[in-house]
1. For a quick check of your reading of the filter: which trypsin sites (Lys or Arg not before Pro) in the stretch 102-208 sit in a DSSP loop and have no more than 15 other Cβ atoms within 10 Å?
2. Pop out the ³J(HN,Hα) list for the stretch 82-88 in order, Karplus 6.51 cos²θ - 1.76 cosθ + 1.60 with θ = phi - 60°, rounded to Hz; leave Gly and Pro as x.
3. Can you list the HN-Hα couplings for the stretch 257-265, worked out from phi with the Karplus curve (6.51, -1.76, 1.60; θ = phi - 60°), rounded to whole Hz and with x for Gly and Pro?
4. For every other residue with a beta carbon closer than 12 angstrom to the beta carbon of residue 199, add +1 if it is Lys or Arg and -1 if Asp or Glu, then tell me the sum.
5. Counting other beta carbons within 10 Å of each residue's own, what order do 142, 224, 322, 201 fall into, fewest first?
6. With viscosity set to 1.567 mPa s at 4 °C, what whole-number translational diffusion coefficient in µm²/s follows for the stretch 125-263 from Stokes-Einstein and a Kirkwood radius over Cα pairs?
7. Where does each of 359, 102, 242 land when they are ranked from fewest to most other beta-carbon atoms within 10 angstrom?
8. Work out from phi, with θ = phi - 60° and the Karplus expression 6.51 cos²θ - 1.76 cosθ + 1.60, the ³J(HN,Hα) of each residue of the stretch 129-140, listed in order in whole Hz, and give x for Gly and Pro.
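Only the coordinates and a few stated rules stand behind these numbers; no lab work does. Just so it is clear, the model here is predicted, and its values are computed rather than measured. Counting neighbours? That spans all protein chains shown, and the Cβs are built from the backbone with ideal geometry, glycine included.
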Amino acid sequence: MIDRRDSTRQQAEGHRGKHKVAVFAKVRLVSNATPIPPKPPSLITRLSRQRDIGRERLALRYARRTVTVPIYLASFLINIAAAPMFLLVALIGDLARRRGTILVRCLMATWAYLAVETFGLILFLPLWLMGLGSERRRLALHHWFARVWARWVFWSIVRLFEMRVLVEGDQEAAKGPVIVFCRHVSPVDNLLPLVFLEGKHGLWLRWVMNSWLVRDPCIDIVGHRLRSTFLTVGSREGSRQIAKVSALGVDLEPREGVLVFPEGALFTPMRLARAVARMRRSGNEEEAQLAEGLRHVLPPQLGGALALLERAPEADVVFCAHTGLEGGSYRSLMAGGILRREVRIAFWRIARAEVPADIAGRTTWLLSQWRRVDGWIEENALSQD
């Protein structure tokens with residue numbers, strides 16, 4: 001006979017076993033129903049966590065303008081009043097140096113520049129009043145001024161220094177939304193996209209500019225009234241500056257573009273050598289080898305460029321390569337570095353579908369396009385010489 005206690009114990013163990021199976025089944029179901037862990041945050045998310053993208057305090061901005069605006073107006077008036085004396089001194093200097101009329105040309109270029117600055121400073125109040133009440137009208141008025149200012153400065157330099165300008169590809173690069181990456185070797189090349197894309201075809205550009213340029217009151221005022229940003233070269237707030245660049249890619253319209261100089265500074269052989277040494281110290285051997293292969297451009301600053309590409313997923317990419325302005329620095333200008341030079345400019349457009357979607361592929365693609373810019377300069381600079 002089976003003891004009743006044994007029978008009761010077996011029944012209890014059977015119930016516990018069934019309960020364990022049921023619990024285990026529930027655990028399996030819960031485990032199977034657990035959602036897949038979320039993907040790691042994208043580059044733009046990591047870079048934009050800080051919502052403050054560095055807006056300048058208005059008090060500082062207006063304090064700066066109380067200094068720069070009177071200086072420019074006074075410079076214009078002094079140059080007009082003392083024009084005969086300045087012209088005589090420049091002529092004597094040219095005769096003594098026996099280098100043609102370089103100093104006279106530089107003096108006249110300075111007059112042309114100060115004239116358009118004065119015109120702009122007089123015009124800014126009416127432009128602001130005419131734009132009240134309509135964001136679209138305000139933008140249109142100030143983009144019009146940016147085109148006039150850039151055309152005046154650029155073509156004054158071209159004519160005074162008897163330069164020849166050849167442009168290709170600007171027509172296909174003129175329609176937005178686009179991100180424009182431009183070579184940077186001279187203060188004059190800041191004007192090229194403004195003249196040949198905005199001025200010629202009406203493309204509205206948002207600029208990424210060196211904060212040093214706020215010393216120019218017209219650039220300061222227009223740059224802050226339009227959707228542009230100023231960066232401080234060498235700043236330790238890298239992520240904050242990248243966020244400022246990427247913010248320009250938000251809500252780009254079909255007639256708009258973003259203008260970036262990805263080198264971050266004017267090209268010089270010394271800066272290129274320093275960039276290679278810095279990459280080697282950081283252990284970026286692959287990037288250092290790439291930089292060593294460049295001859296006419298600095299390696300691009302990838303953070304802002306990649307963040308901008310991610311923030312503006314519908315924008316095509318335009319590259320601007322040029323040669324002939326290598327002697328356009330302030331010091332070289334006084335020595336006739338661009339006198340009678342031929343300036344060649346090329347734009348080419350890459351459809352967004354051809355830009356890789358992943359960060360690694362996009363980085364490789366951007367570097368290869370920058371090598372293409374360097375190769376184009378090598379080919380055209382040699383043929384010009």
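1. Details: sites: 105, 136, 137, 138, 147, 151, 159, 164, 175, 183, 200, 206; in loops: 175, 183.
Filter output for the stretch 102-208: empty list.
2. Those phi angles translate into 9, 4, x, 5, 4, 5, 5 Hz.
3. With the stated coefficients, the stretch 257-265 comes to x, 10, 9, 10, 9, x, 5, x, 6 Hz.
4. Around residue 199, the surrounding residues sum to +1.
5. Working: 142 21, 224 17, 322 27, 201 14.
The most exposed by this proxy come first: 201, 224, 142, 322.
6. Answer from the Stokes-Einstein relation: 82 µm²/s.
7. In order of increasing Cβ crowding within 10 Å: 359, 102, 242.
8. Whole-Hz 3J(HN,Hα) from phi for the stretch 129-140: 5, 5, x, 4, x, 8, 4, 5, 5, 4, 4, 4.
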